[in-house]
Amino acid sequence: MKAVRFHEVGGPEVLRYEDVDQPAPGAGEVRVRVAASAFNAADAGMRGGFLPIPVVLPHVPGYDVSGTVDALGEGVGGAVGEGGLQVGDAVIGFLPMERDGGAAEYVTAPADALVLAPTKIPLPDAAGLPSVALTAWQALFDLGELTAGQRVMVNGAGGVVGTYAVALAKRAGVHVVATASPRSSAAVRAAGADEVVDHTTTDVLSAVDEQVDVLLNLAPIDPDRFTALVALVRDGGKVVSTTAFMATPGDEARGVSAATVFVVPNRDRLTELVSLVDSGDLQVEATRRIPLTELPALHTEADAGRIAGKVVVLP
Ligand SMILES: NC(=O)c1ccc[n+]([C@@H]2O[C@H](COP(=O)([O-])OP(=O)(O)OC[C@H]3O[C@@H](n4cnc5c(N)ncnc54)[C@H](OP(=O)(O)O)[C@@H]3O)[C@@H](O)[C@H]2O)c1
């Protein structure tokens, strides 16, 4: 089969589109015929050797996948509706990051990393959901502990994690204040934000007139700026950030805690997120679909600057 792999860490040129043996599923695993894998910034981080994730080389990137179950390993199966998987099931998953990913025609995965795919959106686009939507969920509810009636400020709401975060918070009855530039403000409003502040023209600190319970930062802002934004959080509130490359500030004197998200797989949550997609409560947007042969070029683009929206990669 064809796959993109890197045999050593380094720049995008280490990625090779090559022939690889088709993998066989081990006990507790299934093989998936890949519909798409999604590109995440962490894929470029692992390829570059910047992330402390113990991949075995050569490594296939693409830990967010969608596809169709093609073969079952020992001990996999079971009744439909009881979490069992069958050949032919359309599935999505956030695969363990150290394993080979879905930038290939086939990938093997632990059966418990996969859930049935949403039925209301194209299967390749569904690869864009798993780790990103889980990141938003874990930030808001596991670390932020937001509940109905509370207020959240989502800084950087116009990105992929941000629009999921706005939609999930709104659906949970949380009042959402969001920052977005003109290019993304319509999407942030459509996701359900109650207030949208244009961070390119407005001083966010003076634009927010009531403090929030949780500040969720998703934007690559200056650390001093991030510390200043903590003033938006009420005493005893929380600062949560996905931007793990810088420390998350809190304010001990006011009891404002700080937490950084490191997204982890969660099958039950992912199943819930799939239901929200199928009920129309959560929109999944693949902004670009590219062939697998173009994945090295996408990494080059990512190294040069931000990739807007979610790109899915089709073998
Ligand atoms: N730790 C984890 O487990 C984990 C998991 C997933 C993602 N992440 C990280 O989380 C971050 C967000 O991910 P993403 O995919 O949503 O990224 P993204 O699509 O690049 O979105 C970031 C957003 O921040 C906005 N922004 C840029 N500069 C800003 C500023 N000065 N003030 C306010 N907003 C600003 C951007 O512009 P506009 O306002 O113009 O739209 C963009 O919408 C990334 O750093 C990603 O690597 C971490």
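Where a number appears in this text, it was derived from the coordinates with a stated rule and is not lab data. Just so it is clear, the model here is predicted, and its values are computed rather than measured. All Cβ positions, even for glycine, are placed from backbone atoms using ideal geometry, and neighbour counts span all protein chains on display.
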_What do you get for the angle between helix 295-304 and the principal long axis of the chain? Use alpha-carbon atoms, 0 to 90 degrees, nearest ten._
20 degrees
*Going 7 Å from the Cα of Ala41 toward and past its Cβ, which residues in region 1-29 have a backbone nitrogen under 18 Å from where you end up?*
12
_For region 33-42, 3J(HN,Hα) per residue [Karplus equation, 6.51 cos²θ - 1.76 cosθ + 1.60, θ = phi - 60°, Hz, x = Gly/Pro]_ = 7, 6, 8, 6, 10, 9, 8, 10, 4, 5
*asked:* If I stretch the segment between Leu57 and Asp303 completely, what's the gain in nm (0.36 nm per residue apart, minus their alpha carbon distance), one decimal?
replied: 86.5 nm
*Could you size up the charge dipole of region 158-315 around its Cα centre, putting +1 on the beta carbon of Lys and Arg and -1 on that of Asp and Glu, and report it in debye to the nearest 20?*
440 debye
*Surrounding net charge for Pro182, when Lys and Arg each add one and Asp and Glu each subtract one, Cβ distance under 15 Å*: +1
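Could the peptides 14-23, 125-134 be put in order, highest first, of the mean number of other beta-carbon atoms found within 10 Å of their residues?
Ranking, from highest mean packing down: 125-134, 14-23.
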*Please turn the phi angles of region 50-66 into ³J(HN,Hα) values with the Karplus equation 6.51 cos²θ - 1.76 cosθ + 1.60 (θ = phi - 60°), one per residue in order, whole Hz, x for glycine and proline.*
8, 10, x, 10, x, 7, 9, 8, x, 10, 9, x, x, 7, 9, 9, 9
*Among Leu143, Val161, His59, pick out the residue whose Cα is farthest towards the positive end of the charge dipole of the chain, where Lys and Arg carry +1 and Asp and Glu carry -1 on C-beta, about the Cα centre.*
Val161
*Per residue of region 154-161, in order, report the coupling 6.51 cos²θ - 1.76 cosθ + 1.60 (Karplus, θ = phi - 60°) as ³J(HN,Hα) in whole Hz, putting x for Gly and Pro.*
9, 8, x, 6, x, x, 5, 5
*What is the set of long-range amide H partners of Gly77 at a cut-off below 5 Å, with H atoms built 1.01 Å from backbone N?*
Leu85
*What is the dipole size for the chain, taken about its Cα centre, with +1 at each Lys and Arg Cβ and -1 at each Asp and Glu Cβ, in debye to the nearest 20?*
400 debye
*So what's the chain giving for Cα Rg divided by 2.2 N^0.38 Å, two decimals?*
1.01
*Ellipticity estimate at 222 nm from DSSP helix runs (n ≥ 4, -39,500 (n - 2.57)) divided over the chain, nearest 500*: -6500 deg cm²/dmol
*Just report the Cα centroid separation between region 271-314 and region 1-25, whole Å.*
20 Å
*Considering amide H positions built from the backbone, and no H for Pro or chain starts, which residues 5 or more places from Tyr63, or on another chain, come under 5 Å of its amide H?*
Gly102
